[in-house]
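K.L.:
Here it is: the structure, laid out below.
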Amino acid sequence: MEGRNVNFSPTIGLPRSPWNLLYVYPQSLNFANRQGSARNITVKVQFMYGEDASNAMPVIFGKSSCPEFSKEAYTAVVYHNRSPDFHEEIKIKLPATLTDHHHLLFTFYHVSCQQKQNTPLETPVGYTWIPMLQNGRLKTGQFCLPVSLEKPPQAYSVLSPEVPLPGMKWVDNHKGVFNVEVVAVSSLHTQDPYLDKFFALVHALDEHMFPVRIGDMRIMENNLENELKSSISALNSSQLEPVVRFLHLLLDKLILLVVRPPVIAGQIVNLGQASFEAMASIINRLHKNLDGNQDQHGRNSLLASYIYYVFRLPNTYPNSPSPGPGGLGGSVHYATMARSAVRPASLNLNRSRSLSNSNPDISGTPTSPDDEVRSIIGSKGLDRSNSWVNTGGPKAAPWGSNPSPSAESTQATDRSCNRMSSHTETSSFLQTLTGRLPTKKLFHEELALQWVVCSGSVREAALQQAWFFFELMVKSMVHHLYFADKLDAPRKNRFPERFMDDVTALVSTIAGDIVSRFQKDTEMVERLNTSLAFFLNDLLSIMDRGFVFVLIKTCYKQVSSKLYSLTNPSNLASLRLDFLRIICSHEHYVTLNLPCSLLTPPASPSPSVSSATSQSSGFSTNVQDQKIANMFELSVPFRQQHYLAGLVLTELAVILDPDAEGLFGLHKKVINMVHNLLSSHDSDPRYADPQVKARVAMLYLPLIGVIMEAVPQLYDFTESHNQRGRPSCVAVDDYESEGGSMISQTVAMAIAGTSVPQLTRPSSFLHTSSSGRQHSTFSTESSRSLLICLLWVLKNADESVLQKWFTDLSVLQLNRLLDLLYLCVSCFEYKGKKVFERMNSLTFKKSKDMRAKLEEAILGSIGARQEMVRRSRGQLERSPSGSAFGSQENLRWRKDMTHWRQNTEKLDKSRAEIEHEALIDGNLATEANLIILDTLEIVVQTVSVTESKESILGGVLKVLLHSMACNQSALYLQHCFATQRALVSKFPELLFEEETEQCADLCLRLLRHCSSSISTIRSHASASLYLLMRQNFEIGNNFARVKMQVTMSLSSLVGTSQNFNEEFLRRSLKTILTYAEEDLELRETTFPDQVQDLVFNLHMILSDTVKMKEHQEDPEMLIDLMYRIAKGYQNSPDLRLTWLQNMAGKHSERSNHAESAQCLVHSAALVAEYLSMLEDRKYLPVGCVTFQNISSNVLEESAVSDDVVSPDEEGICSGKYFTEAGLVGLLEQAAASFSMAGMYEAVNEVYKVLIPIHEANRDAKKLSTIHGKLQEAFSKIVHQDGKRMFGTYFRVGFYGTKFGDLDEQEFVYKEPAITKLAEISHRLEGFYGERFGEDVLEVIKDSNPVDKCKLDPNKAYIQITYVEPYFDTYEMKDRITYFDKNYNLRRFMYCTPFTLDGRAHGELHEQFKRKTILTTSHAFPYIKTRINVIHKEEIILTPIEVAIEDMQKKTQELAFATHQDPADPKMLQMVLQGSVGTTVNQGPLEVAQVFLSEIPNDPKLFRHHNKLRLCFKDFTKRCEDALRKNKSLIGPDQKEYQRELERNYHRLKEALQPLINRKIPQLYKAVLPVTCHRDSFSRMSLRKMDI
């Protein structure tokens, strides 16, 4: 069967060579009714050109190991069967021309198996035949033939065997007994009656042969017109296969009939309409039935190859140049074919293809826009879409080249230049034939006319495949210009008015179709829109540009008018974007925008540019002093002059406008369009020259304004920098107006692939014209692309133009520009290799997760039904996605949403790839920051002469400092430091007077870089820091401000920075000292000494830092060190504040929110102290005293010592916190921390200080927020009653010289709530064990006093004891709630049981107890979690006192259980069981019997005896109450238990009765006048004091 698989060329769908084959399949024979011997039958098949036996032709393909061709073929012999079946295939090569005598001859033989003498081996037993032609058509199909017993007579071949020839004998009375099938595979025979008829009629017209015989019909000339028209309309009925095979010839004939109408019977017959209709229906039919045979743009490859290779205008000039490389090449190639509807090839920077070099005569670059047409015609396979982008021949193609399927491979180029020579009738195109008019119509004109006038189904068919007719029209236009030698003619004179009117009408109606049908026929309209755009793109190359612009304007107007009336315009707007994107992918897009002209209305809409030099020389004209604003706004002059660029930027402005309803989904699309355009300009060698680039950038100047308007919508890249970048000066509440309506995360993900976080912005972002409006935020990807576009324009625009524009901008607008640059710094910060590696591993992990989910869905653990239900529940409001027609969220698996969509790349990138990515990222970061730096320089030059420079320069400094805070390359930092030094020396007062906060920030950044590991950065940073000091000194003869800021910065740096290198910083300080010593100008001043003092001070801080690093793992020691450093700065408020804040940060990290809050309260108290000195405002706190309700510790912030500095001094209290706003900020932070710690009562106290300040400022909004938070706090107090837990306390003693400073120190540690003794013991044991060695450390298990003499000096000992807060009786009156009993704690207690003989426990009468009361130096919670014990007091209880305490405790438990609400029966019964149960060891009865049975001898114990007796009285009363309560609670099943308890109680009561009633008579004597102090019972005799 291999012969039937005809080979097609993979690229173009054309046959490699003509073929003409016949396959014969003998099937069965029925000789059952034949007389005589015919059993072992074989059939001989021959192809005859005459009737003689010698006329057999050698055209039958031989089998393997036989000659290639033979004259006959036999079927296999079927033994002893008179009705055999056959299974052979006989392949025959048909002659090119057949006559009526050609026929297939079948001869049937009987084969003898046992050969007898004189008898042949084979005996013929029958004959039959098939004539090959019937009425001029090849005869094929299924046949059932009669078989003749004799040889056929003369002239038999023209007749069919079915005709009964006289005198012949037939098998079975002339019935059909032989079944055979004949199949032709031929590129010469159509085998279709409709096509045959059409080709025959056209051939007859060409040859002028009448009458025409078709089958049995004879068609006369007078009837020819009707027959021709009916045969054209009948073409639609023909079978698809022959239409496909003869498509190119068919289309050629139809076009011929359109271009040269035939003359029939002296009349010109116009067949244009009929031919157009036939073409439309055939093309549509092909598209529908061959839908698998389409390229990426939905075009049928058969039709595409026709336009590329076959179609050419039928030529009327006999001496026209022959087709070929020198003349008109067969493979003329249009931009239309080469561009992708998804992304134009000319924009695909990475994949730009090289010029075809198949024609050696073509030079690398066309010389002018008009030459592109010549280059199309003069070469084959030329991808014109970027002939200007690559000029280096094939070598210019980058390694990543990947031509799209529509661009032909080079092998197509190397094939025969004249593609048409293999088609039989093409030669008829090249001469004037009889029957044709000597004049001809132009095909493109006729096509446009027919398309405009057609209607109904024909119009619909043409619209469906508009691309085909558009491309046909364009090719026809180019051929016409070439043959008519009009390529050099002015564009306006190339085509007649009539044709241009038709094109206008056509474009207008198609635009109307797009507008009216885009909701119904989305797919068709999408294709139509793309085709129209490519058509207009092509017209820009061959027609008058002004005319094409008018066409574009027509389309635009129609779409715009419809857009205004739509509620959801995104689909139509998306179509318009595609349309615009394709038009702007024209290779002369820049030239079409007239980048060189001035902004005055042009004389014509589009002066034609024809000289080659205009490309480059045109860019050199100087910018005139026109109104600068017009160049930066989308003004009417701008849009008239730069028409296409104006459309692009207007589109961008409209879609990015936050008020634009329903266009949110198109942000990504429109931003990508602009981004791709700029990318293509950037990599275009024509625009490599900086002057030329400046001209190109001028087309995009309004982009800066558009992006400035969109600032509030950009993704906030600064989030991660808020803690280390410049501090945000605006309270969070102020952002609420801006931070607006976040779209739902899933929708955002669908649009942009990222989630959208809450906005936080630098302050000046808030200067928006409509601050009350809410915005949706762009995705990170879109924001990044937009900012790249901004930087490209800023980089390439003419500096003088920018400077003029900046002069015109208001302060507000300039600040907004600076905010944009600030955002750019964050956006393009270098992330480092680790981030790429982490992202890579995340992607890999995600892909594995998704794979698991997919397997789960496929293997059925999630059925389709559950999946559907789950999705329908999760349906959120849909937003149109970036695709043209809404999101396809309802699909179960959506290709572009799944994580393995990057399957073309490897999922797990190699290390080299990651390093390459990181390298590119680093280069981009440097480039972006250098552009930002250049722009800042321009801004500084601009504003240095204006009035409002202060506020702008502050913004410039802010951006500069922010860029220093980010990860930057050494190259950038060198330039950055240079700029910073220039700025400080030009405007010193800016830094030292206005922007004091920036000064602090600058010191911090410079110090950070002084500790850099790269020596060049260190030397630059050191120089900057030294010059900063010098500048400050020169202004006021001392540099207290900088001194203060540097010291604070270092404190802040060492307190917070993890990767801070102390060694490098010491080197930098040495450099600064050297500068000061060698500075000749200032040698006589105090400056060198002051620098020396400062450096010494900094070295001290560094030494403390070293200690801190040693104790990095020991949180308590670390905080102690920070506490010590802060204490050392008691007299420099700014530094103390810095360290307090460092401590607050450390506490927050460890979730010690109460301590963090205390640090903030101390900070606020410190600020209040100095504020009250600075300004006397009634509503501000007077100083620390105001805060003592919050914490008694705060008083240590009082500024009362002699050496307290005055806040008026230079450099003192200059930080941002020493203001009213700073104080408010600290208090708000403190309240938030208290709230997180669950100490809501303290929140109330903090707000008591804040409320008067806001009341004085009449700030209702803040007051409303505060009262809301207060309500929340008090609600929580109510709801969490009995559920809050604040902390657990332990006494920790350190013994042993190994502990250094800690030796013999005792502390109370505050640990998180519910910390067990074992936990803290394990923690400290683990930590110190690791530090000193586990064998060295020992934990003392008991709580007894430690005797130092008995300890091993080589070991370290820790003693840990659980302690409880201790209150005197009078204190209990004020400490009512749980919070009261756990706040402001200074005294703690622990008990140690002992007996006089040294045992811990003994009998009741010998059991003593030691109560140890510890007093700490400060009250908990404090700014640290461990506080020194400063006082220790011991109370020893005698056995009777121990008994009293126990009985009081039991009585309290009973009272609590009885009155508990709601009642807890289990708890009650447990307490009762412990009180009245009979088996209680050392129970109440035993206690009474030991201590109350006898009156003591010692009168000192009388009172204790009496007190115990009263305790028992109270105890029995409580037992009774408890029993009564229990009775009311129990069910019937517990009645017996109740009775048992009651019996036990009565027994107890009876036993206790005599003991309780016995009174000590001495206590009841008459009361005598008191003569001395009643301290006889004072326990001082037993009290031991230990201080």
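The values are calculated or read from the model by the stated rules, or taken from the named source; none is laboratory data. Predicted model only: the values in this text are computed from it and were never measured. Virtual Cβ from ideal backbone geometry, glycine too; neighbours counted across all protein chains shown. The accessibility values were calculated without ligands, DNA or RNA, using every heavy atom of the protein model including side chains. Shrake-Rupley method; radii C 1.70, N 1.55, O 1.52, S 1.80 Å.
K.L.:
So residue 31 fits all but one of (1) buried (at least 18 other Cβ atoms within 10 Å of the Cβ); (2) in a strand (DSSP E or B); what number is the exception?
P.N.:
Evaluating residue 31 over (1) buried (at least 18 other Cβ atoms within 10 Å of the Cβ); (2) in a strand (DSSP E or B) leaves (2) as the failure.
K.L.:
Out of (1) open to solvent by less than 40 Å² (accessible area, probe 1.4 Å); (2) under 17 Å from residue 817 (Cβ atoms); (3) of a type in the set (Ser, Thr, Tyr), the odd one out for residue 926 is which?
P.N.:
With (1) open to solvent by less than 40 Å² (accessible area, probe 1.4 Å); (2) under 17 Å from residue 817 (Cβ atoms); (3) of a type in the set (Ser, Thr, Tyr) applied to residue 926, the lone miss is (2).
Here is a yes/no grid of residues against (1) within 30 Å of residue 1099 (Cα to Cα); (2) aromatic (Phe, Trp, Tyr):
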{"site": "923", "(1), (2)": "no, no"}
{"site": "945", "(1), (2)": "no, no"}
{"site": "956", "(1), (2)": "no, no"}
{"site": "989", "(1), (2)": "yes, no"}
{"site": "992", "(1), (2)": "yes, yes"}
{"site": "1012", "(1), (2)": "yes, no"}
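K.L.:
Which numbered condition in (1) open to solvent by 70 Å² or more (accessible area, probe 1.4 Å); (2) among the acidic types (Asp, Glu); (3) at pLDDT below 50 is the only one that residue 915 fails?
P.N.:
Tallying (1) open to solvent by 70 Å² or more (accessible area, probe 1.4 Å); (2) among the acidic types (Asp, Glu); (3) at pLDDT below 50, residue 915 fails exactly one: (3).
K.L.:
(1) assigned to a loop (DSSP other than H, G, I, E, B); (2) out of contact with any strand residue (DSSP E or B) (no Cβ under 9 Å at 6 or more places or on another chain); (3) farther than 22 Å from residue 1239 by Cα: which one isn't true of residue 1423, the others all being true?
P.N.:
(3)
Yes or no, residue by residue, for (1) modelled with pLDDT under 90; (2) surrounded by fewer than 17 Cβ atoms within 10 Å (Cβ to Cβ); (3) within 26 Å of residue 1317 (Cα to Cα); (4) in contact with a His (Cβ under 9 Å, 6 or more places away or on another chain):
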| site | (1), (2), (3), (4) |
| --- | --- |
| 1358 | no, no, yes, no |
| 1370 | yes, yes, no, no |
| 1402 | yes, yes, yes, no |
| 1405 | yes, yes, no, no |
| 1415 | no, yes, yes, yes |
| 1424 | no, no, yes, yes |
| 1439 | no, no, no, yes |
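K.L.:
Look through 474, 478, 503, 507 and report the one residue that is under 19 Å from residue 521 (Cα atoms), touching a helix residue (DSSP H, G or I) at 6+ places or on another chain (Cβ under 8 Å), modelled with pLDDT of 85 or more and open to solvent by less than 10 Å² (accessible area, probe 1.4 Å). Can you show your working first?
P.N.:
Values: 474 fails: under 19 Å from residue 521 (Cα atoms); 478 fails: under 19 Å from residue 521 (Cα atoms); 503 fails: under 19 Å from residue 521 (Cα atoms).
Checking each option against the conditions leaves just 507.
K.L.:
Here's another thing I want to ask about it. Which strands (runs of 3 or more DSSP E) sit wholly inside region 100-187 and have at least 1 residues that are open to solvent by 40 Å² or more (accessible area, probe 1.4 Å)?
P.N.:
Working: elements: 103-111, 122-131, 141-146, 176-186.
Those strands (runs of 3 or more DSSP E) span 122-131, 141-146, 176-186.
K.L.:
Can you tell me which residues in region 157-193 are over 13 Å from residue 146 (Cβ atoms) and touching a Phe, Trp or Tyr at 6+ places or on another chain (Cβ under 9 Å)?
P.N.:
Initial filter on region 157-193 (over 13 Å from residue 146 (Cβ atoms)): 157-158, 166-167, 181-193.
Passing the criteria: 157, 181, 182, 183, 184, 185, 186, 187, 188, 190, 192.
K.L.:
Another question, if that's okay. Output the residues belonging to region 556-595 that are touching a Leu at 6+ places or on another chain (Cβ under 8 Å), assigned to a loop (DSSP other than H, G, I, E, B) and among the hydrophobic types (A, V, I, L, M, F, W, C).
P.N.:
Those that are touching a Leu at 6+ places or on another chain (Cβ under 8 Å), assigned to a loop (DSSP other than H, G, I, E, B) and among the hydrophobic types (A, V, I, L, M, F, W, C): 566, 584.
K.L.:
For a quick check of your reading of the model, give me the residue pairs whose first member lies in region 1331-1355 and is among the polar types (S, T, N, Q), whose second is in a helix (DSSP H, G or I) and at pLDDT 85 or above, with beta-carbon atoms closer than 9 Å and at least 6 apart or on different chains.
P.N.:
Once the first residue is among the polar types (S, T, N, Q) and sits in region 1331-1355, its partners that are in a helix (DSSP H, G or I) and at pLDDT 85 or above give 1354/1297; 1354/1298.
K.L.:
Regarding residue 1093, is this residue open to solvent by 10 Å² or more (accessible area, probe 1.4 Å), closer than 20 Å to residue 1063 by Cβ and of a type in the set (D, E, K, R)? Working first, answer last.
P.N.:
Working: open to solvent by 10 Å² or more (accessible area, probe 1.4 Å): yes; closer than 20 Å to residue 1063 by Cβ: no; of a type in the set (D, E, K, R): yes.
Spelling it out, it is not the case that residue 1093 is open to solvent by 10 Å² or more (accessible area, probe 1.4 Å), closer than 20 Å to residue 1063 by Cβ and of a type in the set (D, E, K, R).
K.L.:
Could you pull out the residue among 1079, 1089 that is out of contact with any Leu (no Cβ under 9 Å at 6 or more places or on another chain), closer than 20 Å to residue 1036 by Cβ, in contact (Cβ under 8 Å) with a residue 12 or more places away in the chain and acidic (Asp, Glu)? Walk me through it before giving the result.
P.N.:
On the way: 1089 fails: in contact (Cβ under 8 Å) with a residue 12 or more places away in the chain.
Just a single option satisfies the conditions, and that option is 1079.
K.L.:
With (1) open to solvent by 20 Å² or more (accessible area, probe 1.4 Å); (2) in contact with an Asp or Glu (Cβ under 7 Å, 6 or more places away or on another chain) as the list, and residue 1301 as the residue in question, which single condition is left unmet?
P.N.:
Failed condition: (2).
K.L.:
Can we say residue 1106 is surrounded by 17 or more Cβ atoms within 10 Å (Cβ to Cβ), out of contact with any Phe, Trp or Tyr (no Cβ under 7 Å at 6 or more places or on another chain) and not in a loop (DSSP other than H, G, I, E, B)?
P.N.:
Details: surrounded by 17 or more Cβ atoms within 10 Å (Cβ to Cβ): no; out of contact with any Phe, Trp or Tyr (no Cβ under 7 Å at 6 or more places or on another chain): yes; not in a loop (DSSP other than H, G, I, E, B): yes.
No.
K.L.:
Related question: Looking at the structure I just gave you, is residue 1216 in a loop (DSSP other than H, G, I, E, B), in contact with a helix residue (DSSP H, G or I) (Cβ under 7 Å, 6 or more places away or on another chain) and modelled with pLDDT under 90? Quick ask: steps written out before the conclusion?
P.N.:
On the way: in a loop (DSSP other than H, G, I, E, B): yes; in contact with a helix residue (DSSP H, G or I) (Cβ under 7 Å, 6 or more places away or on another chain): yes; modelled with pLDDT under 90: yes.
Here the answer is yes, as residue 1216 does meet what is asked.
K.L.:
From the list 1204, 1308, 1200, exactly one residue is modelled with pLDDT of 90 or more and either among the β-branched types (Val, Ile, Thr) or buried (at least 16 other Cβ atoms within 10 Å of the Cβ) (or both). Which is it? Show your work before the answer.
P.N.:
Values: 1204 fails: modelled with pLDDT of 90 or more; 1200 fails: modelled with pLDDT of 90 or more.
Unique residue meeting the criteria: 1308.
K.L.:
Here are some residues: 1230, 1237. Which one is small (Gly, Ala, Ser), open to solvent by less than 10 Å² (accessible area, probe 1.4 Å) and touching a residue at least 40 places away in the same chain (Cβ under 8 Å)?
P.N.:
On the way: 1237 fails: open to solvent by less than 10 Å² (accessible area, probe 1.4 Å).
Being small (Gly, Ala, Ser), open to solvent by less than 10 Å² (accessible area, probe 1.4 Å) and touching a residue at least 40 places away in the same chain (Cβ under 8 Å) holds for just one of 1230, 1237, which is 1230.
K.L.:
Name every residue in region 562-578 that is open to solvent by 10 Å² or more (accessible area, probe 1.4 Å) and at pLDDT 85 or above, in order of residue number.
P.N.:
Going through region 562-578, the residues open to solvent by 10 Å² or more (accessible area, probe 1.4 Å) turn out to be 562-569, 571, 576, 578.
Correct list: 576, 578.
K.L.:
Related question: As an exercise: evaluate residue 80 against (1) surrounded by 13 or more Cβ atoms within 10 Å (Cβ to Cβ); (2) in a loop (DSSP other than H, G, I, E, B) and give the number of the one condition it does not meet.
P.N.:
All conditions are met except number (1).
K.L.:
Next question, about the same structure. With respect to residue 1516, determine if the residue is at pLDDT 60 or above and of a type in the set (Val, Ile, Thr). Don't jump to the end; show me each part of the working.
P.N.:
Details: at pLDDT 60 or above: yes; of a type in the set (Val, Ile, Thr): yes.
For residue 1516, the condition - at pLDDT 60 or above and of a type in the set (Val, Ile, Thr) - is met.
K.L.:
May I ask you to list the residues in region 939-954 that are open to solvent by less than 10 Å² (accessible area, probe 1.4 Å) and either over 16 Å from residue 815 (Cβ atoms) or of a type in the set (Gly, Ala, Ser) (or both)?
P.N.:
Answer for region 939-954, where residues must be open to solvent by less than 10 Å² (accessible area, probe 1.4 Å) and either over 16 Å from residue 815 (Cβ atoms) or of a type in the set (Gly, Ala, Ser) (or both): just 954.
K.L.:
Could you tell me whether any residue of region 1018-1038 is open to solvent by less than 30 Å² (accessible area, probe 1.4 Å), of a type outside the set (A, V, I, L, M) and within 22 Å of residue 820 (Cβ to Cβ)?
P.N.:
Scanning region 1018-1038 turns up no residue that is open to solvent by less than 30 Å² (accessible area, probe 1.4 Å), of a type outside the set (A, V, I, L, M) and within 22 Å of residue 820 (Cβ to Cβ).
To keep it simple, each residue is scored yes or no on (1) within 28 Å of residue 1297 (Cα to Cα); (2) of a type in the set (S, T, N, Q); (3) out of contact with any Gly (no Cβ under 8 Å at 6 or more places or on another chain).
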{"residue": "1350", "(1), (2), (3)": "yes, no, yes"}
{"residue": "1357", "(1), (2), (3)": "yes, no, no"}
{"residue": "1366", "(1), (2), (3)": "no, no, yes"}
{"residue": "1384", "(1), (2), (3)": "no, yes, yes"}
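K.L.:
Sticking with this structure for a sec: Exactly one condition in (1) at pLDDT 85 or above; (2) hydrophobic (A, V, I, L, M, F, W, C); (3) under 17 Å from residue 1216 (Cβ atoms) is not met by residue 1046; state its number.
P.N.:
It fails just one condition, (1).
K.L.:
Then there's this: Could you figure out which of (1) open to solvent by less than 50 Å² (accessible area, probe 1.4 Å); (2) modelled with pLDDT of 85 or more; (3) not β-branched (Val, Ile, Thr) isn't true of residue 1510?
P.N.:
All conditions are met except number (1).
K.L.:
Restricting region 226-265 to residues that are farther than 12 Å from residue 192 by Cα and in a loop (DSSP other than H, G, I, E, B), which is modelled with the lowest pLDDT?
P.N.:
Only one residue fits best here, namely 265.
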